[in-house]
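Since every read-out is calculated from the coordinates, none of them should be taken as a lab result. A quick note: this is a predicted structure, and the numbers were derived from the prediction, not measured. Cβ: placed from backbone, ideal geometry, glycine included. Neighbour counts: every protein chain shown.
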Ligand code: GAL
C-alpha cells in the first residue's frame, strides 16, 4: 500500500513538472552553476547571460529569474548547488561542470526531478550526454580554435617570415601555455594549432609546454622561467587562452620588452577575445586572438532554456543531434581585422 502511494506521488510530481513546462507562464527560474568565478572568460559569460536575460524578458514579456552560483572549483559543492536549484523549483538548470568527467550525480538528480540540464563550456563525454533526452550542451568546437590560431600565424608568416623567425634558421621555436589538464579545450587546441602549421609545411621546435590552468599569474610565472631557460630564443608563445597570454605579456614587460625598439618580444597568440585580450591585441602586445563567442554562447543557453520551457523552436541556433549548440570561433587581429 505504502509503495503504491509513493509511486502515485512520484508520478504526480513528474506530471506536474511536465505541466509547468508545457504551459505558458510568466516566470522562468533558471539555476546556473559556474566552475570558478575567478575565470575571466566564465565571468564575462555570466555578465552576458544577465544582459541576454534582460533582453529576453522584454522581448517575450516574461520574467527570467537567474540564480548564479559559484562552485569554487569543487564538484561536491556543485552537486549540492544542483540539489538546491531543484528544491527552489528551477525550471532549467545550466551547469558549467567543475569536473567534466564527473557529471553522473548532477544528471541523476535532474533526471529524477525531470528538470532539463544545459551543460556549457566544459564538455562532458557523449555517453554522459546521451544518458537522458533532456541533457544539452552549449559551447564551441575546440578543434576550430586551434586551427584558427594557426591561421593567424600562417598569414603573418606568408607576409614576412623573418618577423616571426627572428634567428632566421627556418625553424619556429615556440613555447605553449596550456589550460587545465583534461579539459577538451587544452588538449584539442594545443594539438590542432601545431598540426595545422606542420601540415602547411612549417618546421617547428617545441622548447617547452606547461599547464597554467587558464590563469594569468600562472602564465606569467611559466613565461618568466622560460625566459631564463631559453633566453632570447623564444619566437612564438602559443597560449590556450587570452589570460595566460596576458601573463606572458606581463612577464615580458617586467623584463623590459614592449615600448623599446631594441628588445623585440616573441609573437604571442591567444584565444577567447576577452575584454583584456582584445585590448592587448589593439596595444600590439598579443599578436592575435580567436574569439570564443561569449555573447553567442550566452544567447544560445538562454534561447535553449526558453525553447525548452515553452516548447518553442530555437530562433537563431540549430540543435545538432538534438543536443548540441556550437558557436563558431572567429579570428581577431588588430583593428578588428
Ligand atoms: C575555455 C576558455 C578558457 C576557460 C575555460 C574554462 O573555453 O577558453 O579561457 O575559460 O574555457 O572552462
Q. Where does the chain land at 222 nm, in deg cm²/dmol rounded to the nearest 500, when only DSSP H runs of n ≥ 4 count, each adding -39500 (n - 2.57), divided by all residues?
A. -15000 deg cm²/dmol
Q. By per-residue mean of other Cβ atoms within 10 Å, what is the highest-first order of 48-56, 299-307?
A. 299-307, 48-56
Q) Separation between the residue 141 and residue 260 pseudo-spin-labels, each 7 Å from Cα along Cα→Cβ, expressed in nm? A) 4.5 nm
Q | Average projected area [Cα convex hull, the range 252-295], square nanometres | A | 3.2 nm²
Q: Return the distance in nm (one decimal) between the two label points of a simple spin-label model at residue 126 and residue 320, each offset 7 Å from Cα along Cα→Cβ.
A: 1.1 nm
Q: Within 10 Å of each residue's Cβ, count the other Cβ atoms and sort 226, 214 from fewest upward.
A: 226, 214
Q) Which angle between 0 and 90 degrees, to the nearest 10, do you get for helix 75-87 versus the longest principal axis of the chain when only C-alpha atoms count? A) 30 degrees
Q | Length released on extending from residue 167 to residue 37, taking residue separation times 0.36 nm less the Cα-Cα span | A | 42.7 nm
Q. Taking only Cα atoms, what is the 0 to 90° angle, nearest 10, from helix 40-60's long axis to the longest principal axis of the chain?
A. 40 degrees
Q. Which angle from 0 to 90°, rounded to the nearest 10, does the C-alpha axis of helix 184-199 make with the longest principal axis of the chain?
A. 40 degrees
**Q.** Of every Cα-Cα pair in the range 229-277, the percent that sits beyond 16 Å
**A.** 40 percent
Q) Using the reciprocal of the averaged 1/r over all distinct C-alpha pairs, how large is the Kirkwood radius of the range 71-152 in Å? A) 13.5 Å
(Q) Debye calculation, C-alpha points only, no solvent: report log10 I(q)/I(0) for the chain at q = 0.08, 0.10, 0.12 Å⁻¹, in the same order as the q values. (A) -0.43, -0.63, -0.84
**Q.** Cα-based convex hull volume of the range 137-194 per residue, rounded to whole Å³
**A.** 83 Å³
Q) Any idea how far the Cα center of the range 39-101 sits from the one of the range 191-248, in Å? A) 33 Å
Q | residue 104 paired with residue 154, simple spin-label distance in nm, labels 7 Å along Cα-to-beta-carbon | A | 4.2 nm
Q) Dividing the alpha-carbon radius of gyration of the range 195-273 by 2.2 N^0.38 Å (N being the number of residues), what value is obtained? A) 1.09
Q) Given the convex hull of the Cα atoms of the range 141-265, what is a quarter of its surface area in nm²? A) 7.2 nm²
Q. Over what distance in Å are the Cα centres of the range 310-336 and the range 124-188 separated?
A. 19 Å
